[in-house]
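A short write-up of the structure that comes next.
The values are calculated or read from the model by the stated rules, or taken from the named source; none is laboratory data. As the structure is a prediction and not an experimental result, all values here were calculated from the model. Note that each Cβ is placed from the backbone with ideal geometry, even for glycine, and that neighbours are counted across all protein chains shown.
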Amino acid sequence: MRTTAKHKITNPEEFKQNLLSWAQQFDDVVWLDSNSKQFQENQKYSSYDAVLAVDAFTAIQTDYFNAFEKLKEYYTTTKDWIFGYLTYDLKNDTEVLKSNNDDGLEFPDLYFFQPKKIFLFKGDTVEMLYLKAVDDEFESDLKDIEQSNNLDIEEFNNSNSIKIKLKIHKDEYFDKVTKVLSHIHRGDIYEANFCQEFYAENTIIQPLETYNKLNTISNAPFATFLKVRSNYLLSASPERYIKKEGTKVISQPIKGTAKRDTDHIMDSILKNDLVSDEKERSENIMIVDLVRNDLSQTATKGSVKVEELCKIYSFDQVHQMISTVVSEVKETTNPIDIIRTTFPMGSMTGAPKISAMKIIEDLEETKRGLYSGSVGYITPNGDFDFNVVIRSILYNEAKQYVSYSVGGAITAKSEPLKEYEECLVKAKAMRTVLEN
């Protein structure tokens, strides 16, 4: 079905930049970068240093209704690599839920495509997987990629031109967090991930330049550049949602955030404070329980295990508390069923999951869409890897609408002011990039 060619690269970082510039000519682009050069620590489960998929041969686009069944049918029919995204609002397919909040971005609920051209990076080698229809283009593409660089990107000067607005103002945020806390004290939920949107209207940005700036600041292990026609995701996500390797399934929820400091001693103190923070640990452990429960729906008996609990990983912008939960599945288990029974990821909902999703739908002002959804791929043999869409800028070029959202887990020990400050820490990279 696909023709493979391997190409040695002398300067992987330069080649990656050229490749991403070259990719801009296509309507469908998924770029996933683990930034492995900067970030060795969390690469244990990394299959590739980076992956690019471009140019749809076939595609599926749908709203949430029966979305997972339609995706399963599409995957079964193509029997090939598929790349795409799942929005948070697919919760309405897995449970009896609704999404009635304001939607400035208007991305379709689900989109996947079968790319004509795939590039897989490992060390100084790039493997090119082309459909037979285009496999005569290896040489000419490599020539074009070598000659493609960022110089032909128009320089947009964003200084002072982007006016970021808030969907929820500070006092209103405090009121809403207090309402979440009253649900917790009443026993409706233990934890809820409550999010807020920052946005700009009538705004034009240069997507690739914006992505490059965000990635330079953050160097995140699940960085993503996604383009579907005039819809863009520019993501510096630090979080893996779920991965399947053979019969092993891996989920790595993040709960617990502390800011970094340029002073080495102060930075160590902040990291150690996070290690011993009772509230952050309890947040993380609640979500680990939820993930264990989700994975058990497709796992073989007794195979769900916690490999790492509350381990601290340090990124360029923040320290994060990450746990790793694994399970084994039967070889016959359909990969889409594993995704469907664990979606949306617990780190972005709360516990118990359904009650939390109902409460946050009532209190949030924005339809989440692709924010707190996922981008990734499924291989022909049923392996997959998906991130969590956080620390991301979303852009509808046709509507000239730019958006980023941030959230935090509210538990019984939460203080509204501290939660608000944590949101601002998470928003810092996106805001810096957009406002220069």
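When Met348 is tested against (1) surrounded by fewer than 21 Cβ atoms within 10 Å (Cβ to Cβ); (2) within 25 Å of Ile189 (Cα to Cα), only condition (1) is not met. The combined condition, being closer than 27 Å to Met430 by Cβ, modelled with pLDDT of 95 or more and β-branched (Val, Ile, Thr), is not fulfilled by Val306. Please determine, by comparing only the residues of segment 312-338 that are hydrophobic (A, V, I, L, M, F, W, C) and closer than 23 Å to Ala236 by Cβ, which one is surrounded by the fewest Cβ atoms within 10 Å (Cβ to Cβ). Only one residue fits best here, namely Ile312. From the list Ile204, Ile217, the lone residue that is β-branched (Val, Ile, Thr) and under 21 Å from Lys426 (Cβ atoms) is Ile217. One residue is enough: does segment 72-84 have a residue meeting the conditions surrounded by 16 or more Cβ atoms within 10 Å (Cβ to Cβ), modelled with pLDDT of 95 or more, more than 23 Å from Met345 (Cβ to Cβ) and in contact with a strand residue (DSSP E or B) (Cβ under 6 Å, 6 or more places away or on another chain)? Among the residues of segment 72-84, at least one is surrounded by 16 or more Cβ atoms within 10 Å (Cβ to Cβ), modelled with pLDDT of 95 or more, more than 23 Å from Met345 (Cβ to Cβ) and in contact with a strand residue (DSSP E or B) (Cβ under 6 Å, 6 or more places away or on another chain), which makes the answer yes.
Of Ser276, Ser230, all but one fail to be of a type in the set (S, T, N, Q) and either touching a residue at least 24 places away in the same chain (Cβ under 8 Å) or at positive phi (or both); the exception is Ser230.
Of everything listed in (1) within 15 Å of Gly256 (Cβ to Cβ); (2) at pLDDT below 95, the single unmet condition for Asp316 is (1).
Scanning segment 48-99 for residues that are farther than 21 Å from Val228 by Cα, in contact (Cβ under 8 Å) with a residue 24 or more places away in the chain and not in a helix (DSSP H, G or I) yields Tyr48, Asp49, Asn66, Lys79, Glu95, Leu97, Lys98, Ser99.
Of all the listed residues (Tyr371, Tyr401), the sole one being in contact with a strand residue (DSSP E or B) (Cβ under 9 Å, 6 or more places away or on another chain), farther than 28 Å from Ile336 by Cβ and not β-branched (Val, Ile, Thr) is Tyr401. Residue count for segment 279-307 satisfying the condition of being in contact (Cβ under 8 Å) with a residue 12 or more places away in the chain, of a type outside the set (D, E, K, R) and not in a helix (DSSP H, G or I): 7.
If we scan segment 4-12, do we find a residue that is touching a residue at least 60 places away in the same chain (Cβ under 8 Å), of a type outside the set (Phe, Trp, Tyr), under 18 Å from Asp385 (Cβ atoms) and surrounded by 13 or more Cβ atoms within 10 Å (Cβ to Cβ)? Within segment 4-12, not a single residue is touching a residue at least 60 places away in the same chain (Cβ under 8 Å), of a type outside the set (Phe, Trp, Tyr), under 18 Å from Asp385 (Cβ atoms) and surrounded by 13 or more Cβ atoms within 10 Å (Cβ to Cβ).
Condition check: surrounded by 16 or more Cβ atoms within 10 Å (Cβ to Cβ), within 30 Å of Asn396 (Cα to Cα) and touching a residue at least 60 places away in the same chain (Cβ under 8 Å). Does Lys244 satisfy that? So that I can check it myself, show each step before the final result.
Working: surrounded by 16 or more Cβ atoms within 10 Å (Cβ to Cβ): yes; within 30 Å of Asn396 (Cα to Cα): no; touching a residue at least 60 places away in the same chain (Cβ under 8 Å): yes.
When the stated conditions are applied, Lys244 does not pass them.
Pairs meeting the criteria (first residue in segment 132-149 and within 13 Å of Ile118 (Cβ to Cβ), second residue surrounded by 15 or more Cβ atoms within 10 Å (Cβ to Cβ) and modelled with pLDDT under 95, beta carbons under 7 Å, at least 6 apart or on different chains) are lacking.
The set of residues in segment 217-251 being assigned to a loop (DSSP other than H, G, I, E, B), under 25 Å from Ile336 (Cβ atoms) and at pLDDT 95 or above consists of Arg229, Gly246, Thr247.
Of the residues Leu270, Leu290, which is crowded, with 16+ Cβ neighbours inside 10 Å, of a type outside the set (D, E, K, R) and touching a Gly at 6+ places or on another chain (Cβ under 7 Å)?
Only one candidate passes the filter, namely Leu290.
Taking the criterion of being surrounded by 22 or more Cβ atoms within 10 Å (Cβ to Cβ) and out of contact with any Ser or Thr (no Cβ under 6 Å at 6 or more places or on another chain), the only residue of segment 273-283 that qualifies is Glu280.
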